[in-house]
Amino acid sequence: MDLKKLKHYWIFLLTLLSYGIGVIIHFIAQYNGNKPQSGREVLVNAFQKFPTIKTIINTTNEEEDNTISKFEKPNNLFYFVQITDIHMDKGKYLGYIVGTVENEWQLYQKIIEETGVIHKNNGTFLWDMRGNHDCFMVPDWTSEYNYFNRYSKTKSRGFSFQYETSYGTYSFIGIDGCPILTAACPFFGIIDEVTLDMYSEFMDKAKANPNNKHNFVFSHYTKGSAKFGKSSSGKTWEDYTKDISLFMTGHLHNLGGNKMYTYHKDYLEMELNDLKLHGKYRIVSIDNDIVSISDNVLPLPELPYDFKTSNIDDLIQHPPLVFNQNIPPIVHITSPKDSHFIIQNNNKEPIKESLDSGYIR
């Protein structure tokens, strides 16, 4: 018997067996994983560390010219930026290591503190949330290896806040999909009962607010890579899909292409490519309740970019030449609306009025 062929046979058999066991464990986790597996109060407290925050601004202009269509004026305009998959780990490509690295999380914390973004707008400028690489070997929220709980800005299992303006209220919620039973290989996420409780409560409040214009939902996991459970009152993800303006995700990098947008029955899901390898970031603007999206690439000479050092003090004291280059402007059109991204619920966007205004911004 050829020992070399026999060796390859056993390697193949053991690999197949390992994958089979992994699939079985995953489906067991999907069946039980959407129920709280440990200390419900711990999970609830982890989600409620940051209660709903309302940021109120006033854009009312007392000398406003009412003879001009409101769609021609930039008064009712704001925007936000989404990035995903920065990968704070040592693996060069997609972070192929088991477990996150504490000193790199410390570097992340120092970056957001040194740049001041963590304190900007009274602490409401930056919101971060966990991805699957932050769940490796983290069996529960209180684990000593949960570096997100220690070094992130948000430090909670998701976030929620309402952005209040003189022209309406806009709701934002991020849902944590890190699984518990499959912490050793968390490629698939689980939106558990506790998260669905918080999500349904927040969405119910948003729906009850007559001034609420849009609901923006964030998750690292895409709809197809996560198992959605039920809330303790029996509410499901599908009970609120008609209320979603945009569902913004990450996770898959460019696995399905550079523009991975999914038109679900009631809402639009937009997966964003990663920042680490492809330098992608997303601008979302709300202009008189018209939502516009553009995905852009950081203007770096090469991607991923090698800064030669991970010492943040060196980077601050001796900025690389790339920091001083002239950055070309980003053209982001807010009016007219790009028809590719019309929100399924037509009541949320005044499309016809915007087009009738004939104004380009």
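Every number here is computed from the coordinates shown, using simple stated rules; none is lab data. Quick caveat, the model's predicted, so the values are computed rather than measured. Cβ: placed from backbone, ideal geometry, glycine included. Neighbour counts: every protein chain shown.
What to note about this one:
- Condition met for LYS276 (part of a loop (DSSP other than H, G, I, E, B), under 20 Å from CYS178 (Cβ atoms) and either small (Gly, Ala, Ser) or in contact (Cβ under 8 Å) with a residue 40 or more places away in the chain (or both)): no
- Of all residues in region 301-321, those being surrounded by 13 or more Cβ atoms within 10 Å (Cβ to Cβ), among the aliphatic types (A, V, I, L, M) and more than 23 Å from the chain's Cα centre (by Cα) number 2.
- Test: residue in region 344-354 that is part of a loop (DSSP other than H, G, I, E, B) and of a type in the set (A, V, I, L, M, F, W, C): no
- Residue in region 282-298 that is surrounded by fewer than 15 Cβ atoms within 10 Å (Cβ to Cβ) and among the β-branched types (Val, Ile, Thr) present: yes
- Residue match in region 220-228 (condition: of a type outside the set (Val, Ile, Thr), buried (at least 21 other Cβ atoms within 10 Å of the Cβ) and touching an Asp or Glu at 6+ places or on another chain (Cβ under 7 Å)): no
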